[in-house]
Amino acid sequence: MTKRGNAIEIKDIRKSFGTLEVLKGINFVIPRGSIVALLGPNGAGKTTLIRILSTLLTPDAGQATIEGFDVVDEADNVRGVIGLTGQYAAIDEYLSGRENLEMMGHLYHLSKPDTKKRAAELLEKFDLADAANRPAKTYSGGMSRRLDLASSLIASPPILFFDEPTTGLDPRSRLMMWEIIDNLTKEGATILLTTQYLDEADQLADRIAVLDGGMIIAEGTPNQLKAKVGNERIEFEFDSLECLKKAEKIISNDSILVNEEKYTLSVANDKGVKKLKSLLEEFEKSNITVVTLSLHKPTLDDVFLKLTGHQATAEELAEEEKEPKKGKK
Ligand SMILES: Nc1ncnc2c1ncn2[C@@H]1O[C@H](COP(=O)(O)OP(=O)(O)O)[C@@H](O)[C@H]1O
Ligand SMILES: [Mg+2]
């Protein structure tokens, strides 16, 4: 296999559905062996991009290559180097876990003994060995996801796409999935995953690309993105509303956030310890009692809010409730 350039290169990819412009020119590259999270709210176009990269959908314009193969002109070659786990499980519920994996091995033209060996390996690795011979319809949500992911790995592809791998999973299954994905990167896979969860991107990805309004609006390591929203904040908790009000007057700058119910106040800490020291001195002079004091580093939630002007998940959840996802299998 020839290996030209980066594992994944995306140049000015555009896609519309009717008059709806979903992707308005997406550019980025993913070096071999790294893991990138495409982070964006529901409807941002994450699945559309993954479908284009995995040859299931043709872009209107632009170019994308996977291991040097063009996703349109060399689609067969692309299919030979990728594994895809879609947003919804694509397993056959009436087959057992083992049968599902063996069927995939057959589709990928692995030999019978190789298929059996690889299936057993994956069942073991993803904690499905005990349930291997049960029909998949008896599996929990977490187990189905793990089986789905395992089936995308049957032919050991070097490039993996995971579309919202943990959406809808309980916390324990989610952690398990994170561990699996983390191990795959350690084994050298190149991974592009999509997520609506900032903590997931933060936890797993080397780099994060934020997709909003059809464009990548920010791209970088989790720390680079966090640095964009500025410095850490100091939060003070006072013993009374009166103290809070007095402190508010002393600070009187526009970066403060006040919570009158909890008697807390937070302020951007642009001068580090110096600032903290001078504030505490001023509070003492004015007889203001500080109950607790804490420092807060910016989170990816802050980044998302600042970049997009909206919270990452709250409004999507509301959307979901109004209009349950179609096409759920
Ligand atoms: N086949 C399609 N036909 C028409 N509209 C579509 C189709 N697929 C996706 N869309 C629309 O494109 C937008 C992006 O969808 P999608 O890529 O699934 O977003 P995400 O995966 O980020 O939630 C949504 O508004 C969705 O309704
Ligand atoms: Mg999607």
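The values are calculated or read from the model by the stated rules, or taken from the named source; none is laboratory data. The shown structure was predicted, so the numbers you read here are calculated from the model rather than taken from an experiment. Neighbour counts run over all protein chains shown; Cβ positions are idealised from the backbone, glycine included.
Quick notes on this one:
- Residue 22 being part of a strand (DSSP E or B) and within 15 Å of ligand 2 (Cβ to nearest atom): yes
- Within the range 49-66, the set of residues being buried (at least 17 other Cβ atoms within 10 Å of the Cβ) and within 22 Å of the chain's Cα centre (by Cα) comprises 49, 50, 51, 52, 53, 54, 55, 64, 65, 66.
- One residue stands out among those in the range 4-34 that are charged (D, E, K, R) and closer than 22 Å to residue 79 by Cβ: the one that is farthest from ligand 1 (Cβ to nearest atom), which is 4.
- Residue selected from the range 35-48 under the condition within 24 Å of residue 187 (Cβ to Cβ) and at pLDDT 95 or above, by the criterion nearest to ligand 1 (Cβ to nearest atom): 38
- Residues that are out of contact with any Asp or Glu (no Cβ under 7 Å at 6 or more places or on another chain) and away from ligand 1 (no atom under 16 Å from the Cβ) do occur in the range 195-202, at least one of them.
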